[in-house]
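This report refers to the structure that appears directly beneath it.
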Amino acid sequence: MEALLFITAAAGVVSSPSSHEYRFVYEPMTWADAQSYCRRMNSDLATIATMEDMKTLNKMAVMNNMVYTSYSYRAWIGLYDDVDSWRWSLSDSGFYRTGEDSFRKWQSGEPNNWMSTERCGMMTGEGLWQDGPCSSARRPVCANITGPGVSFVLVQSGMNWTEAQSFCRKQYSDLASIRNESENQQVQQLVPAGTKVWTGLYRDGWKWSAGSRSSFSYWKSTEPNNSNGNEKCVLATFDALGKWEDWRCDVEKAFICSSTVVFQKVVSVKLEKTSGLDLNSAAVMEELLSQLLLKLKQGLHADVELSWRKQSDGNVFHKLKEKNPTSV
Ligand SMILES: *[C@@H]1O[C@H](CO)[C@@H](O)[C@H](O)[C@H]1NC(C)=O
Ligand SMILES: *[C@@H]1O[C@H](CO)[C@@H](O)[C@H](O)[C@H]1NC(C)=O
Ligand SMILES: *[C@@H]1O[C@H](CO)[C@@H](O)[C@H](O)[C@H]1NC(C)=O
Ligand SMILES: *[C@@H]1O[C@H](CO)[C@@H](O)[C@H](O)[C@H]1NC(C)=O
């Protein structure tokens, strides 16, 4: 019996020079307007996942004369710093009642994401909060949760935020989370004057507008540096280097939209039929597909879709000539 099988796969599964299809738009817009524009066109602000993607863009920029236009050689891409994503280490634990995780006590001028390096929360001896680089060695304050009660413990050795989180989870319940002014005072009492301690507050970093988890980046050597403050959006530059810079999102620039390329393939499948099974029954075909999908997904980390192609008589499977029985 023979049938035709559709394989649809998002790029990345199939090796290809570029996993995205790009379009330059030369009408200057803010990052947010550019994002809306791309989304109205059924795409999104550009995701750049590999060095190959970057080379494709550089070639397009040269072909489009980008380097000689008045857009100062730069275009928005989909990367942005998710600076408003502050949450507690305990956020997913079911610890909070509604609204309890939204208490904040930032020092004035904080969080400032200095040099674009600050994603973890600290408390000063004055009981005020700052953001700091997660890699610094600091003493953490842990929370010991016992039923409805919580007590706070200052750990005596310094460690980075990730290590602090593991330590507190192992020895107590988690890093300290602070739900209101009275808990803030309880923690503050533990913090020696002139020092800063880790709390459980942290945030995500750079993300792609289209939601991909690609970690590829191509920053200029001094970037990202948040040098003017509030530099949450990314411009690709198309000078000789073609590298990236963080900028304030409200400047109007040219931009690049991208769509993920979807590959489709039709393959024929031959099966040897040993039982009286009706291969053209919906249940059997469904089961075959899910078995094939399982096999395909081993080793592939992507969205693959399979479907049977019906032939003109409405059937999927067709008997092969007797003289050539083959099994796959
Ligand atoms: C914290 O330290 C550990 C062990 O040295 C290291 O693997 C990890 O990357 C560090 N995390 C940060 C955020 O610096
Ligand atoms: C946590 O608090 C409870 C109640 O106060 C106490 O009995 C327990 O020893 C504390 N746990 C740790 C690890 O300090
Ligand atoms: C602070 O929050 C804790 C936990 O919800 C609650 O028990 C306590 O009464 C609150 N204190 C104040 C002053 O709101
Ligand atoms: C940030 O990077 C830009 C461009 O690379 C550079 O001109 C600027 O001096 C840097 N600012 C700081 C504070 O390092």
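Computed from the coordinates by the stated procedures, all read-outs in this text should not be read as laboratory data. What you see is a predicted model; the values in this text were computed from it and never measured. Positions of Cβ are generated from backbone atoms using ideal geometry, with glycine treated the same way; all protein chains shown enter the neighbour counts.
Side notes on the structure shown:
- The Rg/Rh ratio for region 82-205, using Cα coordinates for both the radius of gyration and the Kirkwood hydrodynamic radius, is 0.92.
- Note: relative contact order over the chain, using C-alpha pairs below 8 Å and six or more positions apart, is 34 percent.
- Note on region 187-251: Kirkwood radius taken over Cα pairs, Stokes-Einstein applied at 25 °C and 0.890 mPa s, translational D equal to 165 µm² s⁻¹.
- Both numbers refer to the Cα atoms of region 153-291; Rg and Dmax are 27.2, 82 Å.
- Cα-based helix-to-principal-axis angle, 51-63 vs the chain, degrees rounded to 10: 80
- Using alpha-carbon coordinates, inclination of helix 282-297 to the longest axis of the chain, degrees: 50
- Alpha carbon convex hull of the chain, volume per residue in cubic angstrom: 222
- With respect to the chain, whose longest principal axis is taken over its alpha-carbon atoms, helix 161-171 is tilted by about 90°.
- Over the chain, DSSP H runs of length four or greater, each weighted -39,500 (n - 2.57), average out per residue to a 222 nm ellipticity of -5500 deg cm²/dmol.
- Near SER259: Cβ cut-off under 9 Å, other residues only, Lys/Arg at +1 and Asp/Glu at -1. The net charge is -1.
- Near VAL150, once Lys and Arg are set to +1 and Asp and Glu to -1 for all other residues with Cβ below 12 Å from its Cβ, the sum equals -2.
- Antiparallel bridges, percent of DSSP beta bridges restricted to region 82-205 (to nearest 5): 85
- The phi-based Karplus calculation (6.51 cos²θ - 1.76 cosθ + 1.60; θ = phi - 60°) puts the 3J(HN,Hα) values of region 237-245 at 9, 10, 8, 4, 7, x, 8, 9, 9 Hz, whole numbers, x for Gly and Pro.
- PHE255, PHE216 arranged by Cβ crowding within 10 Å, fewest neighbours leading: PHE216, PHE255
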